Amino acid sequence: MITEDVIKIYQKNINQFEENLYPDISGAVMSFSDVHKFEAPQYIYNGDEEIPFNERHPEYQRIFKEEFLDK
């Protein structure tokens, strides 16, 4: 006959197995609204500032040169 202590040991083992089988990933899940909260804006230009060409973002410089320089 199985004693209560043996049943408790089996139940404890089953609970541990279930906990390891389904790990808690709630800390790894991030909602879409929170995705951009931690990113600093890379480069924002609203058109009011006077920025010399050589101080503008390198991607802007590349696009501008490709568009307007004769090849």
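The values are calculated or read from the model by the stated rules, or taken from the named source; none is laboratory data. Remember, predicted model here, so these are calculated numbers, not experimental data. For neighbour counting, all protein chains shown are included, and Cβ atoms are generated from backbone atoms with ideal geometry for every residue, glycine included.
If you go through the range 14-23 one residue at a time, do you hit one that is exposed (fewer than 10 other Cβ atoms within 10 Å of the Cβ) and at pLDDT 80 or above? The answer is no, given that none of the residues of the range 14-23 is exposed (fewer than 10 other Cβ atoms within 10 Å of the Cβ) and at pLDDT 80 or above. Within the range 53-67, being surrounded by 10 or more Cβ atoms within 10 Å (Cβ to Cβ), in a helix (DSSP H, G or I) and not polar (S, T, N, Q) holds for E59, Y60, R62, I63, F64, K65.
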